[in-house]
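A.B. asks: Here you go, one structure.
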Amino acid sequence: MNLIKKLLTAMMAVALTAGSILTMSSCSNTGETVTVRYLNFKPEIADKYNELAKEYQAETGVRVIVDTAANNTYEQTLMAKMATDEAPTLFQINGPKGYANWKDYCADLSQSELYQHLSDKSLAVTGADGKVYGIPYVVEGYGIIYNEAITDRYFALADKGTAYKSMDEINNYQKLKELVEDMQNHADDLGIDGVFASTSFKSGEDWRWQSHLTNLPLYYEFESNDIDLTGNGTDEITFKYSDQFKNILDLYLNNSVVDRKLVGTKTVADSMAEFALEKCAMVQNGNWAWSQIGDVSGNKVKSENIKLLPIYSGIDGEESQGLCIGTENFYAINKKSSEAEQQAALDFIYWMYSSEKGKQYVTNEFGFIAPFDTFDDDEKPQDPLALEVIDWMNKDGINSIAWNFTIFPSQTFKDEFGSSLLKYAQGNKKWDDVVKDMVSSWKKESSAAA
């Protein structure tokens, strides 16, 4: 009996040992075979991504290999990598046109955990089938930056010509126009040279108008015509909302610190300095402009007084319009990778934007405004314009205006349109001709790019 017991005990020990070895081998195989390969778009933070990958492996056992494309070579690098055995499971598309180029490789992310936490789901890249194929991982936003100290000074005027008491009441173009024009009438009382900073049209400095401001009417044109941004429907435009574009451009030009005939000499730096020195109350720009305000020698604007307002132009329903918020940076998952690899990549990006360690890297090391509701207030960027962008993204009933820059046909189109706008501003070109030439240039450059 003792011999039998000893044999049974030995057999059980062997079985337990074999089971342990099998279990350890399985875990080891998982760790070795399920590797996340990520092709990074941002070389300036490649070292930080590599640090984070090591942190993730230490915590989860899953290896993340970060490959980084050199500046301006991402598409070529991605194309080369996709043709190898080391194709990335996690990669980037730069918007609807990027999805159109890579749709055969983009997995449906509609049910992914990270997408469920996207604060503004209109920012995602979707296909004609309504499914999600790209999730934005960093956003920026722009609108009309205003100095609340000056607007509050206006609201306190005894002889102001409007009944407005707060910027919270300004939610469409008509109200903005009434406010701005009356503030201009009281410029001396407010201690400003004009309501708006100078409109910068010096060569190379006109991107706020030929790209950023132009995005607004084209967004509404594509939306009203139900255009699939991943297809060829964007090859021609009508500039349907050209009158509304003219509305807001004229408001800038006619209520400014400088005469509209002089805007061809002005730069973005000039505009931001005028705002920082309180020569004006408002300026169109984005969250990246905080340093351009705070770093100006003699800056007078306190951070708590820097606010953002949507760019209202007179389009029906704009009362629910938010800031122009977007990115050219969208995560995509390679559907040609194994299911295990796809899930591992999804787990990694969710961890990055939900774990304490990952969020610390995203905010403090990468410097991102993350578009997800997983971030508490103390985990978000703390500069005032970034906080304004985040606040507008989370307002109930407010819809952000997505960036469509990636479907603009060429830099030549932007330059030609900017030149037309300058001539109009200076009184040397009729608006109808600006519209006609803009539509023609878009079609010509779209054809050239086809």
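The values are calculated or read from the model by the stated rules, or taken from the named source; none is laboratory data. On a predicted model such as this, the values are computed, not experimentally measured, just so you know. All Cβ positions, glycine included, derive from the backbone under ideal geometry; neighbour counts span all protein chains shown. Note: areas computed on protein heavy atoms with side chains; ligands, DNA, RNA excluded. Shrake-Rupley method; radii C 1.70, N 1.55, O 1.52, S 1.80 Å.
A.B. asks: Quick one: net charge of residue 81's neighbours, Cβ under 9 Å, K/R +1, D/E -1?
C.D. replies: With Lys, Arg at +1 and Asp, Glu at -1, the neighbours total -1.
A.B. asks: Here's another thing I want to ask about it. Most fluctuating residue of 235, 85, 182 in a GNM of the chain with Cα springs under 10 Å: which is it?
C.D. replies: Judging by the Gaussian network model, the answer is 85.
A.B. asks: If you don't mind, there's one more thing I want to ask. So which of 423/443; 42/307; 177/430; 121/165; 42/97 end up more than 24 Å apart by C-alpha?
C.D. replies: From the list (423/443; 42/307; 177/430; 121/165; 42/97), the Cα-Cα distance tops 24 Å for 42/307; 121/165.
A.B. asks: OK, next. Any idea what the relative contact order of the chain is, in percent, if you count C-alpha pairs under 8 Å spaced at least 6 apart?
C.D. replies: 23
A.B. asks: Using a Förster distance of 45 angstrom, determine the FRET efficiency expected from the C-beta separation of residue 364 and residue 430, and round it to 0.05.
C.D. replies: Working from the Cβ atoms, E equals 0.30.
A.B. asks: Between residue 152 and residue 35, with labels modelled 7 Å along Cα→Cβ, what's the label distance in nm to one decimal, could you check?
C.D. replies: 5.7
A.B. asks: Additional query: Gap in Å between the Cα centre of the range 203-262 and the Cα centre of the range 395-450?
C.D. replies: Taking the Cα centre of each part, the range 395-450 and the range 203-262 sit 6 Å apart.
A.B. asks: Over the range 202-281, what is the mean sequence separation of C-alpha contacts under 8 Å (at least six apart), divided by residue count, expressed as relative contact order in percent?
C.D. replies: RCO, the range 202-281: 35 percent.
A.B. asks: Here is a further query. Just to confirm, what accessible area per residue do you get for the chain at 1.4 Å probe, in whole Å²?
C.D. replies: So the chain comes to 46 Å² accessible per residue, rounded to a whole number.
A.B. asks: Please report the net charge: other residues with Cβ closer than 12 Å to the Cβ of residue 193, K and R +1, D and E -1.
C.D. replies: -3
A.B. asks: Ok, one more. Choose one answer from 127, 326, 161: the residue with the largest mean-square fluctuation in a GNM of the chain with alpha-carbon springs under 10 Å.
C.D. replies: 161
A.B. asks: Residues with amide H under 5 Å of residue 311's amide H, sequence separation 5 or more or different chain, H placed in the peptide plane at 1.01 Å from N; which?
C.D. replies: 144, 324
A.B. asks: Follow-up. Can you say what percent of the DSSP beta bridges in the chain, counting only those with both residues inside, are antiparallel? Round to 5.
C.D. replies: 70
A.B. asks: Given the rule -39500 (n - 2.57) for each run of at least 4 DSSP H residues, summed and divided by the residues of the chain, what is its mean residue ellipticity at 222 nm, to the nearest 500 deg cm²/dmol?
C.D. replies: Mean residue ellipticity, 222 nm, calculated: -13000 deg cm²/dmol.
A.B. asks: Assuming R0 = 41 Å, can you tell me the calculated FRET efficiency for the pair residue 223 and residue 162, based on Cβ-Cβ distance, to the nearest 0.05?
C.D. replies: 0.85
A.B. asks: For residue 254 and residue 316 in one chain, what is 0.36 nm times their gap in residues minus the Cα-Cα distance, to one decimal in nm?
C.D. replies: So the chain would gain 20.0 nm between residue 254 and residue 316.
A.B. asks: Provide the FRET efficiency to the nearest 0.05 for the residue 181-residue 340 pair, computing r from the beta carbons and using R0 = 51 Å.
C.D. replies: Step by step, r from the Cβ atoms, then E = 0.25.
A.B. asks: Of all the accessible heavy-atom surface of the range 364-413, with the other protein chains kept in place and a 1.4 Å probe, what percent is carbon and sulfur?
C.D. replies: 38
A.B. asks: What list of ³J(HN,Hα) values in whole Hz, one per residue of the range 58-69 in order, does the Karplus curve 6.51 cos²θ - 1.76 cosθ + 1.60 (θ = phi - 60°) give from phi, with Gly and Pro shown as x?
C.D. replies: Ordered by residue, 3J(HN,Hα) equals 5, 7, 10, x, 8, 7, 10, 9, 9, 9, 10, 7 Hz.
A.B. asks: Would you mind checking which residues have amide H under 5 Å from residue 257's amide H? H placed 1.01 Å from N; only 5 or more apart, or other chain.
C.D. replies: 196, 198
A.B. asks: For residue 295 and residue 138 in the same chain, what is the full-extension length gain: residue separation times 0.36 nm, less their Cα-Cα distance, in nm?
C.D. replies: Length gained, residue 295 through residue 138: 54.1 nm.
A.B. asks: Something else: Take residue 382 and residue 328, extend 7 Å from each Cα along the Cα→Cβ direction, and tell me the distance between the two endpoints in nm.
C.D. replies: 3.1
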